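What follows is a short report on a single structure.
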């Protein structure tokens, strides 16, 4: 697997491949903001919208591709634009295709985003994930600290309201 940061043109040009990954993630039951079934047009449209954020520098996206140049996973960092929050970023949409799971790709994507955050001067990362999900184990084992749980925060792909746990991780040199 190769993990590369994609620019806005790459996200736009390959939005249908990213859309297939998103649809697979939702079909697999992951709570990433969408209800099942997620259609290809809706998923591609969502990715096309993200291309604008990438172009504006508010979102960084890394994509894992296999030896056949197929999209197998992705992760993003949402970068705040307010002066009092430039030291932090939100880890968003860590997704691994079901056919590529169990090979350490999620951990590799997570580490890639964390290292890029440090290089960008970010000292604090945060994220939210469905409480009790497989992703929660990944974050805990990678040194993320739970900050709290909010009941009934988001609907699962099947529409059931589920709790969400907020996590944070200090990265890079200490702030100040």
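The values are calculated or read from the model by the stated rules, or taken from the named source; none is laboratory data. Everything numeric in this text was worked out from a predicted model, so none of it was measured. A quick note on method: Cβ atoms are made from the backbone with ideal geometry, for glycine too, and the neighbour counts reach across all protein chains shown.
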task = Determine which single condition residue 140 fails, assuming it passes every other condition in (1) within 18 Å of residue 3 (Cβ to Cβ); (2) not in a strand (DSSP E or B).
result = (1)
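Condition check: within 21 Å of residue 120 (Cβ to Cβ) and either surrounded by fewer than 16 Cβ atoms within 10 Å (Cβ to Cβ) or more than 18 Å from the chain's Cα centre (by Cα) (or both). Does residue 151 satisfy that? Spell out the reasoning first.
Details: within 21 Å of residue 120 (Cβ to Cβ): no; either surrounded by fewer than 16 Cβ atoms within 10 Å (Cβ to Cβ) or more than 18 Å from the chain's Cα centre (by Cα) (or both): yes.
Taking the combined requirement at face value, the residue does not satisfy it.
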inquiry  = Just to check your reading of the model, which residue among 19, 60 is surrounded by 16 or more Cβ atoms within 10 Å (Cβ to Cβ), in contact with a strand residue (DSSP E or B) (Cβ under 9 Å, 6 or more places away or on another chain), within 27 Å of residue 153 (Cα to Cα) and at pLDDT 95 or above?
reply    = 60
task = Residue by residue through segment 132-147, note down the ones that are more than 16 Å from the chain's Cα centre (by Cα) and surrounded by 13 or more Cβ atoms within 10 Å (Cβ to Cβ).
result = 146
All helices (runs of 4 or more DSSP H) inside segment 1-114 with 2 or more residues being touching a residue at least 60 places away in the same chain (Cβ under 8 Å) and closer than 29 Å to residue 160 by Cβ = 15-27
